Structure formats: C-alpha cells, structure tokens
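Shown next, in structure tokens, is the structure this report addresses.
Values quoted throughout were computed directly from the atomic coordinates according to the rules given, and no laboratory measurement underlies them. Predicted model only: the values in this text are computed from it and were never measured. So basically every Cβ, Gly included, is an ideal-geometry build from the backbone, and we count neighbours across all protein chains shown.
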C-alpha cells in the first residue's frame, strides 16, 4: 500500500483529534508506520482544530502533509481551508449536516455524510465523529474496522465503556 495521508479538520469539540488518534492507534495495532500531528486553533473548544495522520507500510520521513490522499471537513471553515490539499484522485469527506455549500473540486471523490443527523438518529448527537470515522475506514481502507473496534475497547473505559455499543453502531451507520 502507498502511504495514506489524511487531514481531519473541524471545530474544537467535534472529536477530530480522537478520529485521528484512533486511526493512528489502529495502524500501530496492524504493525504499520504511523504519525499523528495535532494542530489547534486559538481556543480548544469552538475554535478550529485539525490533525494530520499518515499510515504506511514504509518508514515515514515527515509528519507534514502537503498533499493528502483524503481530507475530512467537519465544518465549512475546514472545507474552505483544506479542500485544496487533497491530491487529484483523492477523497474528500464532507459533513453535510454543517456544510451546505458544495465542494469546488471535480477531480476528487466526494463523500457527503450527514453525520450529525445520523448521530441524532442513533439517539446521541456526540457520535457524529464515529459516523465519519466509519466512513473513512470504509472508503479509504486506511485500517481495518476491527482494529478501530479494538482501539475503542482500549480507550473507552470506566463510564465511557457503557457507550461502546453505541459507538460501534455509529461506525457502520453511514451507507454510501
């Protein structure tokens, strides 16, 4: 596999860092080379946040992504800022619950995901990031869904363990 280079962006509090961390952890479980690099806006909650994740079979020389194989935009400012970073033929995941504008690119695969509505349909609006995560795994093949579920079991402990079934359900809630 060539390296998967993923940029995930949205408002602070949307869980974009968690998506990136979970993909990186899953890649490590699969014995792959990984990097995860967070970038926060001026405020943690409500400001913009993004992270870069690279998953590869080969050594990774730099965590910096200048051309992504996929970009995830959880809000309009993220789409505006990162749409141009996707390489031609790459993938663009758009949270259409919060982004009503159409992407300008016609040389990439675009996946429109109404993540917030799907999450509300699952009775918990906080799992929109898991809906997007499932779509990323499904469409990019960056890691296996089973690896993401193993990561969930390690991360969601204590009180959060009660949310495991819901989060696992959210992973497969979006149908392309």
Practice item. Between residue 107 and residue 80, with labels modelled 7 Å along Cα→Cβ, what's the label distance in nm to one decimal, could you check? Key: 2.4 nm
Check your understanding: Rounded to the nearest 0.05, what FRET efficiency is calculated for residue 40 and residue 146 with R0 set to 25 Å and r the Cβ-Cβ distance?
Key -> 0.25
Revision key, fill the gap. Out of 100, 159, 59, a Gaussian network model of the chain with alpha-carbon springs under 10 Å gives the largest mean-square fluctuation to 159
Check your understanding: If the label point is 7 Å along Cα→Cβ of residue 33, which residues in region 58-77 have backbone nitrogen under 14 Å from it?
Key -> 58-64
Check your understanding: In the chain, what % of DSSP beta bridges are antiparallel (nearest 5)?
Key -> 55 percent
Study note, to complete from the structure: Here, region 4-171 modelled as identical Cα point scatterers in vacuum has Debye log10 I(q)/I(0) at q = 0.12, 0.13, 0.15, 0.20 Å⁻¹ of -0.48, -0.57, -0.78, -1.42
Review point. Looking at the square roots a ≥ b ≥ c of the eigenvalues of the Cα gyration tensor of region 1-94, which shape do they give, rounded for a/c under 1.5, prolate if a/b is larger than b/c, or oblate?
Key: oblate
**Study point:** Bins of 10 Å from zero: percent of alpha-carbon pairs in region 124-166
**Key:** 26, 56, 18, 1
Check your understanding: Who wins for biggest fluctuation among 18, 155, 122 in a Gaussian network model of the chain, springs between alpha carbons below 10 Å?
Key -> 155
Exercise for review: Before rounding to the nearest 500, sum -39500 (n - 2.57) across all DSSP H runs of length at least 4 in the chain and divide by the residue total; then give [θ] at 222 nm in deg cm²/dmol.
Suggested key: -10000 deg cm²/dmol
Point to revise | Cα-Cα pairs of region 97-153 separated by more than 16 Å (percent) | key: 54 percent
Revision key, fill the gap. Length gained if residue 175 through residue 163 is fully extended, taking 0.36 nm per residue and subtracting the Cα-Cα distance, is 2.2 nm
